[in-house]
Every structure is written in structure tokens, then in C-alpha cells.
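Inspection log for the structure reproduced underneath, given as C-alpha cells.
The values are calculated or read from the model by the stated rules, or taken from the named source; none is laboratory data. Just so we're clear, the structure is a prediction, and the values are computed from it rather than from any experiment. Cβ coordinates were reconstructed from backbone atoms using ideal geometry, including for glycine residues, and neighbour counts include every protein chain displayed. Surface accessibility is based on the protein's heavy atoms, side chains included, excluding ligands, DNA and RNA. Shrake-Rupley method; radii C 1.70, N 1.55, O 1.52, S 1.80 Å.
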Amino acid sequence: MSLIAELKRRNVFRVSAAYLALGWIVTQVTSTVAPLLHLPDWIGPVVLWIGVVGFPFVVMFAWIYELTPEGLKRESEVARDASITQHTARRLDTIVIVLLLVAMGLFGWAQFRGGAHDRLTVVAEPKAAGQPANGGSGRVDRSVAVLPFVDMSAGRNQEYFADGISEEVLNLLAKVPQLRVIARTSSFSFKGKEVDIAEIAKKLGVANVLEGSVRTSGDKVRITAQLIRASDSSHLWSETYDRQLTDVFAVQDEIAAAVVSQLKVSLLGEAPRARSTDPKAYALFLRGRELYRQYNADSLTEAEGLLQQALAIDPGYAPAAVWLASVIFSQVDVGILPPEQGVVKGKAALAKAMESDPGSAEIYSTLAMYEALIERNYVDAARNLERAYQLDPTSTDIAGQASAIVRRLGRLDLAVALGQYQVSRDPVSIDAYDALALAYSYLNQLDKSAEAYRTLLDLSPNSAWEHTAYGNLLMRKGDYAAALGEYQKEPAEVYRLTGFAVAYRALGRQAESDAALKELVARYGDVKPTGIATVYAERGDTEAAFAMLERAERLKDLDLGAIGMMPAFESLHGDPRWLPLLRRLGIAPDQLAAIKLDINVPR
């Protein structure tokens with residue numbers, strides 16, 4: 001008998017086929033399950049090599065041993081007339097067929113999951129917050145929310161680093177125009193909450209969610225990321241990266257590229273890439289940025305120190321310089337840094353950033369905010385805002401900054417459009433709803449403004465200023481008792497006293513109004529003079545109102561540039577001092593109308 005015939009008789013070919021089919025199934029299951037269990041990257045290759053090494057032993061086993069009714073025996077010990085190899089062959093044929101069917105099923109499922117979307121239609125319009133992702137339509141929705149990555153480090157003390165990694169990935173994805181990426185404020189609002197992926201996706205109005213974890217140890221980092229389709233909680237993609245800290249920027253690029261690929265986006269240009277720096281400078285930058293967002297005197301002071309340290313390590317790291325400028329201007333805003341000193345330091349930081357990265361949209365938008373809010377140089381502010389939009393038209397951060405600027409320019413329809421865009425990309429952000437509410441308020445669309453404020457306060461009932469803003473709106477609608485109720489909920493004393501001084505007087509409680517105003521002037525006369533001027537204006541005390549506005553002008557109060565739009569000052573519009581004041585501030589109607597501003601708000 002020939003060798004081939006003997007191999008067939010001993011079922012060596014059938015055993016080999018069964019082994020190969022089973023091996024393929026095992027490797028496929030391993031590649032799917034390992035990332036979900038956060039197993040190390042070497043698990044897959046080890047399983048594959050075990051299969052490869054085991055194959056010759058399986059072939060030898062099938063050649064040497066034969067299955068008999070009494071169990072396994074060496075083939076040489078089995079008489080030919082007692083052999084049941086033909087019966088064993090039929091059983092092996094059945095096993096091979098079943099294994100091949102399972103393998104084909106796995107292959108088909110993987111193809112459907114990863115590639116079938118190419119044949120589907122892309123959703124043209126972004127969904128509103130709360131609308132179910134995909135809606136059962138079967139269409140591809142290129143919308144995604146990036147959740148804050150979980151800190152898995154041994155000491156659980158790298159949360160700021162994990163948050164920073166996920167935010168940087170979010171920022172990279174947001175630069176892809178074909179994707180609708182939910183902004184950080186909304187995505188990070190679910191941090192630490194026990195909410196399942198489907199519910200998060202529903203509230204944010206997205207079809208896909210990216211989540212992950214970060215584990216640091218010395219100079220090494222493990223980053224795990226997985227893209228989940230919300231409609232059925234299936235994993236579109238997952239990967240684990242074990243790298244040196246110096247490679248963290250490449251990992252961010254790879255994660256963003258994988259998401260773009262899985263959502264079937266065809267890039268029109270080069271893929272956005274993370275800006276790299278020294279790992280120590282990067283850690284300082286992330287920590288400083290996190291402290292900035294706490295927005296109080298202590299956190300802003302500490303944030304400045306950390307960002308200065310980052311720039312000492314890498315003077316050319318533009319993101320640190322941009323955030324340093326924002327920190328310094330915020331120190332002016334909260335009153336811990338004199339405006340003159342803040343202007344010098346902030347402009348120096350922006351100049352350093354511009355020198356390092358003249359193509360950064362964030363630099364131009366921050367510069368526009370500085371020019372509009374501090375310098376009241378609205379011509380240059382508009383020019384830099386246009387430049388920021390040319391460089392990054394989809395940024396919700398830039399949309400928020402633009403909204404504040406265009407309100408002061410009196411372009412209120414544009415301010416509404418910007419607010420609506422912010423809400424579509426940042427559906428649980430109080431800043432987005434505040435921008436929209438103010439724009440509607442200035443347009444005298446009080447019901448729409450009230451709806452935006454109610455949504456905002458449902459999201460964040462303890463936010464400073466917002467109860468007062470809503471109370472002011474209720475005062476304009478004549479509901480003085482409800483307005484007082486809102487002022488009583490205001491957590492910030494300066495705004496609370498401002499509201500009391502107005503509401504008590506409207507309700508006929510003059511003594512309480514006078515007491516609130518007296519305390520307001522004594523405690524905050526040099527901090528919020530423009531706000532105090534609104535109280536005098538609404539009381540009809542024109543002289544006191546102008547005196548306080550003159551104080552605001554001397555003190556360079558940042559709120560002064562908005563007085564042309566503020567309804568509280570309508571009683572002053574007929575006074576001969578009003579237009580000259582606006583003209584000195586650069587915000588007279590004809591001055592603002594002459595400013596060119598061309599911004600196309602994305603759909």
C-alpha cells in the first residue's frame with residue numbers, strides 16, 4: 001500500500017483537517033475575547049504558536065494510534081480485519097463538517113460586523129440629544145462619544161492622565177469633518193456614574209461609544225480602547241497597547257485612525273495627528289489643564305505653575321502655552337491678577353504659542369477672546385475668529401468662544417446658530433445652553449430663552465450665575481415672585497445680592513432691596529461694578545448707574561463690553577451720555593456694524 005493510501009486509511013488527513021479547523025476557531029475567539037478581558041497582547045501569538053507547534057504531534061498521534069472499541073491502541077497492535085478506521089472516518093467527516101460550518105459562521109459574522117456597513121447609507125443630519133442611536137433604521141451613523149478612560153494604575157492616582165488621553169483622542173476625532181463627535185463636557189458628564197452604554201448613547205444622541213482604560217507603571221503605559229455600537233452593545237473594534245510613555249502620542253493617533261476606519265470614513269486629507277512632547281512635560285500639561293477647569297483662585301494659581309514647568313521642559317509645546325494664556329486671563333477674571341499684569345503675561349504666552357505652532361486654531365480663538373473681552377479690539381477679534389474657523393470649523397470650544405464674541409458684536413442670529421450647534425455637539429453642557437439662552441434673551445425671544453435656562457438648570461442646579469440669569473428673564477416677563485425664588489437658589493453671593501436688590505423692590509419690599517444693594521456695593525463695588533450698575537439702571541437711578549459704569553471703565557471690568565446688548569440698561573439709552581460711552585468702549589452700533597465677520601456654522 002502506498003504512503004498516501006496508508007495516510008488516508010489511518011485518517012491522518014481527516015484528523016489534520018479537524019485540528020486546523022478547530023485551531024482557526026480558537027484563534028478567532030481568542031482575538032475577540034482577549035481585549036475584552038484586558039489580557040496582554042502576547043496571548044494571541046502564544047495561542048497561535050501553541051497550535052503551530054502542536055500540529056506535527058497531532059499528525060504523529062494519528063499515524064501511530066488507532067481508535068478501537070476498546071479505546072486507543074497502537075496501530076501496529078490492531079489486526080486489519082478488526083480495524084474500524086472506516087467507521088472512525090465517517091465520524092471524523094462529521095466533526096470536520098461541523099467545525100467548518102462554525103468557522104464559516106464566525107468568518108461571516110466578522111465580515112458583517114466589520115465590513116457590511118460599506119453598503120449602507122450614511123445619515124445626513126446629526127441627531128438631537130436623547131434621540132435613539134440609529135433608530136432601528138439600519139443606517140450607518142458616524143457619530144461617536146468618547147468616554148473618559150478609566151485609571152487602572154496601581155495607586156489609582158493617574159486619573160488626570162487617563163482623562164487627558166481620552167480627551168486628546170476626542171480632539172483628534174473632532175477634527176474629522178465627516179464625524180459627529182460629542183464634546184468633552186457632555187461625554188465626561190457620565191464619569192463615575194453607573195450608566196450603561198446604551199443609555200449614555202441615547203442621552204448623547206450617538207450611535208457609537210469609545211471607552212477604554214489607562215495603566216501606567218514607571219515609564220510604561222498600557223492603553224486599552226474599544227469601540228462599541230450602542231444599538232446592540234457589540235464591539236466594532238478593540239485593542240490593547242503596551243508602550244513606553246514616549247509612544248503615547250502614536251497610540252492616540254492609532255486609536256483615532258481605528259475609529260475612523262471602523263466608522264467607514266474616507267478622509268479627504270491627511271489624518272489629524274497628536275502633537276508630541278516630552279512625557280514629563282505632557283503629564284504637567286494634563287494636570288495643569290485639569291486644574292484650570294476647577295476655576296478658582298487656588299486651582300488657577302497651581303495650574304499656572306504646572307504649565308510653566310511644562311514649558312520649561314519643552315518651550316515649543318504650543319498647547320501648554322495656549323492654556324497658560326487662558327489661565328492668566330482667567331486669573332484676571334476672578335480678580336487674583338490685575339488686568340494690566342494679566343495682559344502682559346497672557347500676550348507673552350500667546351506669542352510663544354504662535355511662534356511654536358502658527359497653524360493652531362486654538363491659538364487664534366484664544367487670541368480673539370483676549371482681544372474682544374479684555375482689549376475690546378473687535379476688529380482684530382473678528383479677524384482671528386475667522387482664522388480659527390478656517391483651521392477648525394467643527395470645534396465646539398471655538399463655537400463657544402465665538403458665541404460670546406458675536407453676541408457683543410450684535411450678530412444675534414449668528415449667536416443663536418452657534419448656540420444650536422454647540423447643543424448638537426455638546427448636549428449636556430451648561431455652557432452650550434447658557435450661550436443659547438443669552439442669544440435668545442438678547443433677541444427678546446423670552447420663551448425660547450426660558451426653555452434653554454430650564455434645561456441648563458436641570459443639568460446643573462448649582463451652577464453659579466445661572467439662577468440669577470433665569471431670574472432676570474422672569475423679571476422681564478413680570479413674574480417677580482418666581483424671579484425671587486430663582487435668586488434665592490443662586491449659590492454665588494454677588495449674583496444673589498444683585499437679584500435681591502431688584503426683586504425685592506419690584507415686590508414692594510424697599511427696605512430689603514436697599515439693604516441688599518448696600519451690601520452689594522460694600523462687598524463687590526470694585527469687583528462687579530457693571531453688574532451693580534444694572535441695579536441702579538433698573539431702579540431708575542441714572543446718575544448712580546453712570547457713576548458705576550465709569551468706575552467699571554476705570555477698573556477695566558470685563559463685563560463692560562456687553563452693556564450694549566444687556567436689556568437692563570435700556571433705561572439709559574436715551575441719555576446723552578450713553579452713546580459717547582459706547583463709542584469710547586468701541587461698541588457703538590455703527591462701530592460694530594462696520595466690523596466684517598464671515599463665519600459659516602457647520603450643520
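Structure values in brief
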| quantity | calculated |
| --- | --- |
| Which listed residue, of 149, 188, is among the hydrophobic types (A, V, I, L, M, F, W, C) and within 24 Å of residue 246 (Cα to Cα) | 149 |
| Residues of the stretch 170-196 satisfying the condition of being assigned to a loop (DSSP other than H, G, I, E, B) and either of a type in the set (Gly, Ala, Ser) or surrounded by fewer than 18 Cβ atoms within 10 Å (Cβ to Cβ) (or both) | 177, 178, 183, 191, 192, 193, 194, 195, 196 |
| Test: residue 327 is open to solvent by less than 70 Å² (accessible area, probe 1.4 Å), touching a helix residue (DSSP H, G or I) at 6+ places or on another chain (Cβ under 6 Å), of a type in the set (Val, Ile, Thr) and not in a loop (DSSP other than H, G, I, E, B) | yes |
| Filtered residues of the stretch 330-373 (kept if over 26 Å from the mean Cα position of the chain (by Cα), open to solvent by 40 Å² or more (accessible area, probe 1.4 Å), hydrophobic (A, V, I, L, M, F, W, C) and farther than 21 Å from residue 389 by Cα) | 336, 344, 348 |
| Some residue of the stretch 380-387 being open to solvent by 50 Å² or more (accessible area, probe 1.4 Å) and in a helix (DSSP H, G or I) | yes |
| Residues located in the stretch 409-423, provided they are assigned to a helix (DSSP H, G or I) and open to solvent by 30 Å² or more (accessible area, probe 1.4 Å) | 413, 414, 417, 420 |
| Qualifying residue in the stretch 428-436 (condition: part of a helix (DSSP H, G or I) and of a type in the set (S, T, N, Q)) | no |
| Filter pass, residue 432 being among the hydrophobic types (A, V, I, L, M, F, W, C) and modelled with pLDDT of 95 or more | no |
| Check on residue 533, closer than 16 Å to residue 557 by Cα and at pLDDT 95 or above | yes |
| Residue count for the stretch 496-516, restricted to those that are outside any loop (DSSP other than H, G, I, E, B) and either among the small types (Gly, Ala, Ser) or under 38 Å from the mean Cα position of the chain (by Cα) (or both) | 12 |
| Close pairs from the stretch 350-370: first modelled with pLDDT of 90 or more, partner among the basic types (Lys, Arg) and outside any loop (DSSP other than H, G, I, E, B), Cβ under 7 Å, at least 6 apart | 364/387 |
| Residue that is farther than 16 Å from residue 528 by Cα and either surrounded by 21 or more Cβ atoms within 10 Å (Cβ to Cβ) or of a type in the set (Gly, Ala, Ser) (or both), where the choices are 483, 464 | 483 |
| Hits in the stretch 197-211 - residues which are touching a Ser or Thr at 6+ places or on another chain (Cβ under 8 Å) and open to solvent by 10 Å² or more (accessible area, probe 1.4 Å) | 197, 198 |
| Test for residue 536: is it within 30 Å of residue 462 (Cβ to Cβ), open to solvent by 10 Å² or more (accessible area, probe 1.4 Å) and of a type in the set (Phe, Trp, Tyr) | yes |
